[in-house]
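Worksheet for the structure shown next.
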Amino acid sequence: MTKNVLLTGIGGQGTITASKLLTIGLMSAGYDVKMSEVHGMSQREGQVLTHLRYGDKVYSPVVPMGEADIIMGFEELEVLRNIDYLKPDGVVVLNTARFNPIGVLSGKDTYPENTKELIEKRAGKVYSFDATAEAQKLGNPKVMNIILLGTIIKSMQLEDIDWDKIIEENVKPQFVELNKEALKIGKSLV
Amino acid sequence: MKKLMTGDEAIARGVFEAGVKFAAAYPGTPSTEILENLSEIDREYLVAEWAPNEKVALESAIGASVAGARSFASMKHVGLNVAADPFFTASYSGVNGGLVLITADEPGQFSSQNEQDNRNMARAAFVPMFEPADSQECKDMVKEAYKISEEHDTPVILRMTTRVCHSKGLVEIEEREEVGIKKWEKQPLKYVMVPANAKVRKQHVFKRMNDLKEFSNNCKWNFAEYYDTKIGVVVSGDCYLYAKEVFGEEASYLKVGFSNPLPDELFKDFAAKVDMIYVIEENDPIMETHLKSLGIECHGKDVFPSHGEMIPEVIRKSIKGEEIPIFDEAKDVMINRAPTFCAGCPHRGFFYTLGKRKGIMISGDIGCYTLGYGAPYNAMDMTLCMGASISMGHGAAQVFSMDEEQDVRVVSVIGDSTFFHSGINSLFDVIYNNSNTVTCILDNRITGMTGQQQNPGTGFTAQGQETNEIDIEGLVRAMGVKNIRRINPNNLDEVNEALDWALALDEPSVIITWWPCALKVQSEEDKKNFPGSFQNKYRVDQDICIGCKKCTTTGCPAISFDKEKRKSSIDINKCVGCSVCAQVCPVKAIGKVGE
Ligand SMILES: Cc1ncc(C[n+]2csc(CCOP(=O)(O)OP(=O)(O)O)c2C)c(N)n1
Ligand code: SF4
Ligand code: SF4
């Protein structure tokens, strides 16, 4: 059975590192993995959408619409934008910290108030929390991505994989402890 | 050892393993990362260069091949239009060291101005083509392509697509094969393409394509897989993966990985064994038309769309009418996340000012600065292809100057990389044929749009060596432009004055804006040229702000407007201190932090 994961967020939020660690972990567990990334242009703060699929043998690198088992959501609006990818009973791990698009910043558009409610209405299960604030508590807002990764790992029952080791081998030494801590927090939020 | 690689990384790895000595490219999504990866390889193995455009990239690779080295060029699909001239004739002259090039097509047009299908180009030029489906095939096919190139004395082209370039899959890593450099011998009959020689070489081209038919029918890249034979699916490239996802073992497959020339015998054999055929190919009905020319009945574009990717949901919808349920409530509230100039982008001040002008036609080009087209700047009236701003602008200016009814002047805007690419030829036209267009070269010291590539004006090579730097101002002067100004685009008064000055002239003029891209990692020279750049922060004094929203019309993502408080504020973490907002504030509410 192929499992489908979708990561959605904004450039610079660490989606790439999160998907990289997740992929390395899945590979170490012997899965075939395929991944596909669609990003906006080169300017800062563009949309990023990463498709990740794993199983015994994976053909297509794209998650078919309506078949994502889980969405790892770095930003509410981007989750809602891509919600049609989710299975009816699919899971969303949601960072509730918002990242305003330019239209909202300039006062032209209004950020939809009920994004979270709509996501909850459409998804099978939603784990939502302010991952950015949680990361801030650890002293570094950047590890927001690793907190979300922890939640994903737990909710997808991938805990048999030695994630601490994967962090040790792939993260700069000075950030290893911080990342491990962030992962633990993410797991505890399920 | 297996490694997870994108298609682009796998191509670069394959090029390395094939013993290639020379690679050249011009950046273009989704092919850019191929040369970026090659540029990390040591020069003792391989020279990797950014060329000023695709034609030059291919021509330098052709020269390297004639000199005896395995050589390589890569480009996005529209890049092959620019390189079409050498491409079509190198097909005749052939190779000494193997020559492979990449076209990265864009079904779905994620970041391109059109959706052309370059399988047509391979056929029109009689150049053998591979179409990899995943990263492993990218590497394997590029290596095989070098063999074909040398055995059949031909350039070989690989057609990638955005999805193949940017998807990751596991790839088996192998050693580099050192093939060395072949001896160069004078062979003017082969390499001097005057008509008499080219006519003879054309016979070689026909023979080679004929010989390759046998290869196409028997090679491992084209194969049939039989499961249920009620449906047969003919696929090329990544469509194979999507089709497998949809049909699994409920259909049989004929996968075409080597697609020029096509495997006629395999098609006939397959057609005899399956009840009906679907041809699933991205963009044009090339295999479909071919099957029909062989008398094989099939479904293709009567069922599937001629544009976009043939991803599983598209196939399902086309064949089975399955619609994806849409969550309408999300659609109802959804707002756009439009791309914008980065905070501190040097294009902001320029376009903010230019967009306020009346009575001008703005002829645009391709790069980050194309964002000047949209709100809040609305400062672009046409954009077509790289380099066209200046020449389209010239044509328009010639007409406006004949027409007494319309009082319109033309301002052409173009980036530094785009100017070197082909804009320079267009400027020759302006100077030679003497139109009064105002040419604005937006020199942000890097190629921004495709992700920070060096170019002939930046002083560094792709592989990071310091090199000769072409000075645009000196160049333009030498070309014969008498009226030149170099300005700081962050200084709105300076931009306005320069535009006033240029528009008052009735002869060619060039304005060069000179400030680095906000994302550029500055060189020592940049630090000297732009002292203090990107060091400051600005803030809005909440007591002075009158809530007029003027600063938000600069489109800077560091500025936000609070609708309740009716005040603007600046995100200190995003602001890089370009001062544009401070210049537009009518009540001087915005000032430098610490002043
Ligand atoms: C023929 C062709 N080749 C490549 C591209 C891809 N491309 C689009 S914009 C661009 C570079 C723009 O750089 P520059 O002119 O310096 O402007 P900047 O983005 O830095 O503002 C490239 C390479 C293209 N669209 N067409
Ligand atoms: S990448 Fe550079 S040129 Fe492009 S929008 Fe950002 S600052 Fe401007
Ligand atoms: S000075 Fe103003 S316009 Fe420039 S980066 Fe800062 S907030 Fe944006």
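The values are calculated or read from the model by the stated rules, or taken from the named source; none is laboratory data. Since the structure is predicted, the reported quantities are computational estimates derived from the model, not experimental observations. Don't worry about glycine lacking a Cβ; one is built from the backbone with ideal geometry, like all the others, and counts go over all protein chains shown. Just the protein is used for accessible areas: all its heavy atoms, side chains included, with ligands, DNA and RNA removed. Shrake-Rupley method; radii C 1.70, N 1.55, O 1.52, S 1.80 Å.
One table, with the values for the structure above:
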item	result
The stretch B:431-448, residues that are within 14 Å of another protein chain (Cβ to nearest Cβ) and more than 12 Å from residue B:347 (Cα to Cα)	B:446, B:447
Any hit, the stretch B:492-512, residues being within 16 Å of ligand 2 (Cβ to nearest atom) and either open to solvent by 20 Å² or more (accessible area, probe 1.4 Å) or not aliphatic (A, V, I, L, M) (or both)	no
Count of the stretch B:44-62 residues which are away from ligand 1 (no atom under 15 Å from the Cβ) and open to solvent by less than 50 Å² (accessible area, probe 1.4 Å)	6
Candidates B:581, B:517 - the one that is within 14 Å of ligand 3 (Cβ to nearest atom), within 14 Å of chain A (Cβ to nearest Cβ), in a loop (DSSP other than H, G, I, E, B) and crowded, with 18+ Cβ neighbours inside 10 Å	B:517
Top-ranked residue in the stretch B:449-458 [being within 14 Å of chain A (Cβ to nearest Cβ) and open to solvent by 10 Å² or more (accessible area, probe 1.4 Å); ranked as farthest from residue B:34 (Cα to Cα)]	B:449
Filter result (more than 15 Å from ligand 1 (Cβ to nearest atom), within 29 Å of the chain's Cα centre (by Cα) and in a loop (DSSP other than H, G, I, E, B)) within the stretch B:344-363	B:355
Residues of the stretch B:388-399 classified as surrounded by fewer than 21 Cβ atoms within 10 Å (Cβ to Cβ) and touching a residue at least 24 places away in the same chain (Cβ under 8 Å), total	2
In the stretch B:400-419, residue farthest from ligand 1 (Cβ to nearest atom) [restricted to those that are surrounded by fewer than 24 Cβ atoms within 10 Å (Cβ to Cβ) and in a helix (DSSP H, G or I)]	B:402
Residue within the stretch B:557-571 that is within 12 Å of another protein chain (Cβ to nearest Cβ) and within 16 Å of ligand 1 (Cβ to nearest atom) present	no
The stretch B:350-368: number of residues that are touching a residue at least 60 places away in the same chain (Cβ under 8 Å) and away from ligand 2 (no atom under 11 Å from the Cβ)	7
Of all residues in the stretch B:544-555 being within 9 Å of chain A (Cβ to nearest Cβ) and open to solvent by 20 Å² or more (accessible area, probe 1.4 Å), the one that is farthest from residue A:107 (Cα to Cα)	B:553
Only one of A:103, A:139, A:124, A:90 that is small (Gly, Ala, Ser), in contact with an Asp or Glu (Cβ under 8 Å, 6 or more places away or on another chain) and farther than 21 Å from residue A:6 by Cβ	A:103
Candidates A:44, A:98, A:81, filtered to the one that is at the interface with chain B (Cβ under 7 Å from one of its Cβ atoms) and either touching a helix residue (DSSP H, G or I) at 6+ places or on another chain (Cβ under 8 Å) or on the phi > 0 side of the Ramachandran plot (or both)	A:81
Residue in the stretch B:427-442 that is farthest from residue B:367 (Cα to Cα), counting only those that are open to solvent by less than 10 Å² (accessible area, probe 1.4 Å) and out of contact with any Leu (no Cβ under 7 Å at 6 or more places or on another chain)	B:435
Residue tally, condition away from chain A (no Cβ under 14 Å) and among the aromatic types (Phe, Trp, Tyr), over the stretch B:233-274	3
For residue A:31: the one exception among (1) farther than 30 Å from residue B:342 by Cα; (2) open to solvent by 10 Å² or more (accessible area, probe 1.4 Å); (3) at the interface with chain B (Cβ under 7 Å from one of its Cβ atoms)	(3)
Contacts under 8 angstrom Cβ, first residue in the stretch B:302-318 being more than 9 Å from chain A (Cβ to nearest Cβ) and in contact (Cβ under 8 Å) with a residue 24 or more places away in the chain, partner small (Gly, Ala, Ser) and open to solvent by 30 Å² or more (accessible area, probe 1.4 Å), 6 or more apart	B:303/B:318; B:304/B:318; B:307/B:108; B:308/B:108
Pairs with Cβ under 6 Å, 6+ apart, first in the stretch B:532-545 and more than 23 Å from residue B:488 (Cα to Cα) and at pLDDT below 95, second outside any loop (DSSP other than H, G, I, E, B) and within 9 Å of ligand 3 (Cβ to nearest atom)	none
Residue within the stretch B:222-242 that is open to solvent by less than 10 Å² (accessible area, probe 1.4 Å) and farther than 26 Å from residue B:144 by Cα present	yes
Residue match in the stretch A:59-66 (condition: open to solvent by 10 Å² or more (accessible area, probe 1.4 Å), over 18 Å from residue B:450 (Cα atoms) and not in a loop (DSSP other than H, G, I, E, B))	no
Leading residue by the ranking (nearest to the chain's Cα centre (by Cα)) among those in the stretch B:439-485 that are more than 21 Å from residue B:389 (Cβ to Cβ) and polar (S, T, N, Q)	B:452
Search result, residues across the stretch B:430-446 that are within 16 Å of ligand 2 (Cβ to nearest atom) and either part of a loop (DSSP other than H, G, I, E, B) or farther than 13 Å from residue B:414 by Cα (or both)	B:444, B:445, B:446
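Residues are listed down the side, and each one gets a yes or a no for (1) open to solvent by less than 90 Å² (accessible area, probe 1.4 Å); (2) in contact with a helix residue (DSSP H, G or I) (Cβ under 8 Å, 6 or more places away or on another chain):
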site: B:156; (1), (2): yes, yes
site: B:162; (1), (2): yes, no
site: B:169; (1), (2): yes, yes
site: B:175; (1), (2): no, yes
site: B:183; (1), (2): no, no
site: B:198; (1), (2): yes, yes
site: B:202; (1), (2): yes, yes
site: B:209; (1), (2): yes, no
site: B:217; (1), (2): yes, yes
